[in-house]
1. Considering only the stretch 281-303, state which residues are among the acidic types (D, E) and under 13 Å from K265 (Cα atoms).
2. Checking L284 against (1) assigned to a helix (DSSP H, G or I); (2) touching a residue at least 12 places away in the same chain (Cβ under 8 Å); (3) within 42 Å of the chain's Cα centre (by Cα); (4) within 16 Å of the ligand (Cβ to nearest atom), which single condition isn't satisfied?
3. Of the conditions (1) among the polar types (S, T, N, Q); (2) farther than 30 Å from R402 by Cβ; (3) in contact with a strand residue (DSSP E or B) (Cβ under 6 Å, 6 or more places away or on another chain), S148 satisfies every one except a single condition; which number is it?
4. Kindly state which helices (runs of 4 or more DSSP H) lie completely within the stretch 76-169 and contain at least 3 residues that are under 23 Å from the mean Cα position of the chain (by Cα).
5. Which of the residues belonging to the stretch 95-132 are among the charged types (D, E, K, R) and more than 12 Å from M61 (Cβ to Cβ)?
6. Go through the stretch 294-383 and tell me which strands (runs of 3 or more DSSP E), entirely inside it, have 2 or more residues that are of a type outside the set (D, E, K, R) and either under 30 Å from K405 (Cα atoms) or more than 11 Å from the ligand (Cβ to nearest atom) (or both).
7. Here's a check for you: in the stretch 359-397, which residue that is in contact with an Asp or Glu (Cβ under 8 Å, 6 or more places away or on another chain) and more than 26 Å from F143 (Cβ to Cβ) is surrounded by the most Cβ atoms within 10 Å (Cβ to Cβ)?
8. Taking only pairs six or more apart or across chains, which ones have beta-carbon atoms under 7 Å, a first residue in the stretch 244-272 that is in contact (Cβ under 8 Å) with a residue 40 or more places away in the chain and over 18 Å from I149 (Cβ atoms), and a second residue that is among the β-branched types (V, I, T) and in a helix (DSSP H, G or I)?
Amino acid sequence: MMGDRQVMQEGLFYEFSIERYVPEDHLLRVIDRFVDLEDIRLQLKPYYSAMGRPSIDPELMIRMLIAGYCFGIRSERRLCEEVNLNLAYRWFCKLSLTDPVPDHSTFSKNRHGRFRESDLLRKVFETVLARCIAEGVVGGEAFAVDASIIKADANREGGGPGVDGLPPEILHRRAVQEYLATLDEAAFGGSTPVEPKFLSPVDPTARWTRTYKDGAAKYSYSVNYLIDCKHAVIMDVEGTTAVRTAEVHSTRVMLDRVEARNHIKPDRLSGDTAYGSAEMLNWLVNERGIEPHIPVFDKSFRKDGIFERSDFTFDAEDDRYVCPAGKNLRRYRVAGRAAKAKPPKDGLYRYRARKTDCDNCPLKHRCCPKEPMRKILRSVHEEARDVARRIMASDAYATSRRERKKVEMLFAHLKRILKVDRLRLRGPNGAKDEFLLAATAQNLRKLAKLSIQGALPAPE
Ligand code: SF4
């Protein structure tokens with residue numbers, strides 16, 4: 001006999017417990033073990049008035065944002081709807097069945113006010129990172145760095161040529177004010193003297209970038225991750241303009257910050273060729289004592305059969321190159337000139353052969369067929385580049401190359417699972433906020449995953 005269900009949704013009294021309803025193995029239950037926002041409350045206290053109506057609890061807003069970013073819900077309007085309806089979200093946010101959910105406008109008011117003034121989202125990220133370190137999932141020996149392009153919330157149609165600048169009637173906009181404030185910062189406007197091809201009036205800090213697989217250019221930012229290779233925990237995150245010099249500079253900022261904040265300096269850093277400039281390698285090797293497991297950025301390779309720089313032998317003691325014909329290439333031929341010379345402005349020493357040697361050389365057609373003599377350029381930081389080259393030939397480098405892929409996997413997770421492939425907030429501060437929240441969510445999910453796998457001590 002077909003059953004007939006009695007529908008009685010109008011009941012007034014229920015015995016219901018959210019605590020019992022949320023499954024023990026729900027992701028938010030596991031994540032909750034690692035979320036401790038007590039310090040956040042203390043940090044925010046000076047930003048609240050001692051009088052007046054009580055505000056929305058900042059811990060509630062942070063918990064809502066964490067839940068949203070962990071499940072790819074970045075729209076604050078949708079997040080409020082989800083928390084209102086989803087019992088697991090209510091449990092994580094410590095709301096009862098009847099507690100009201102804050103209005104979505106509360107988030108934007110706090111984001112532009114107290115949260116930004118107190119740098120709250122970075123504090124939340126650091127709190128979660130400190131928990132990762134306390135749980136022993138950070139090795140601290142090998143770090144990897146990489147950057148990924150994230151589309152900005154700006155369309156091509158609204159943009160104008162970069163040389164035209166911005167119309168005066170939009171200078172009051174928040175995103176434009178932030179753009180003007182960051183014009184000299186190394187992470188944004190100060191990263192390159194090159195004018196952007198197009199400038200977006202809604203988010204002028206976003207860089208017109210053509211690095212997408214479909215070949216189309218879009219307004220974008222770069223998200224930079226510095227990770228610990230043991231369990232791919234994100235040690236630091238930086239938002240920059242989508243320019244390589246800004247990305248490389250952010251690596252220095254992140255390494256310095258991790259050392260100052262967490263007292264952790266890695267033995268080695270791996271990255272791709274973008275980080276293999278002479279200046280960066282010199283900074284790592286000579287200033288920070290970190291092994292660069294980074295391919296050397298080298299443009300001396302030749303495909304036309306002409307001798308490459310590697311065909312010349314460098315004699316450090318005598319400061320000369322020896323060519324394949326056994327002749328010397330020197331920086332200076334006059335005694336005492338080297339001691340008086342200033343460092344070259346472009347960072348490159350020039351070693352030249354004698355014209356008389358090259359004129360009579362049988363190898364000239366393979367060495368300098370169009371020049372009177374051969375010239376070799378050598379970076380002022382060539383010793384650091386040599387250190388990186390020696391590491392590239394080692395077995396440890398093969399391991400580092402594999403470990404480097406962990407950053408790329410985090411970016412893939414960021415875009416596909418957390419849905420951060422296009423920013424929702426505008427301006428450099430909006431980009432930083434979103435990247436910090438996403439990195440916090442990724443670290444929390446990492447802790448939860450390791451906990452579920454039994455790689456962490458069981459909760460007491
Ligand atoms: S051309 Fe000059 S630099 Fe080149 S191999 Fe001959 S002597 Fe040496």
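The values are calculated or read from the model by the stated rules, or taken from the named source; none is laboratory data. It should be emphasised that the depicted structure is a prediction, and the values quoted were computed from it without experimental measurement. Ideal geometry is used to build each Cβ from the backbone, glycine not excepted, and the neighbour counts take in all protein chains shown.
1. So the first thing to find is which residues in the stretch 281-303 are among the acidic types (D, E), and the list is 287, 291, 298.
Hits for the stretch 281-303 are E287, E291.
2. (4)
3. Just one mismatch for S148, condition (2).
4. Details: elements: 76-85, 87-92, 105-110, 120-134.
Where helices (runs of 4 or more DSSP H) fall fully within the stretch 76-169 and carry at least 3 residues being under 23 Å from the mean Cα position of the chain (by Cα), they are 120-134.
5. Of all residues in the stretch 95-132, those among the charged types (D, E, K, R) come to 99, 103, 109, 111, 114, 116-117, 119, 122-123, 126, 131.
Across the stretch 95-132, the qualifying residues are D99, R116, E117, D119, R122, K123, E126, R131.
6. Working: elements: 313-315, 320-322, 328-330, 348-352, 375-379.
Those strands (runs of 3 or more DSSP E) span 313-315, 348-352, 375-379.
7. Residue satisfying both the conditions and the ranking: M373.
8. Close Cβ pairs (under 7 Å, with a partner that is among the β-branched types (V, I, T) and in a helix (DSSP H, G or I)) amount to N262/I133; I264/V258.
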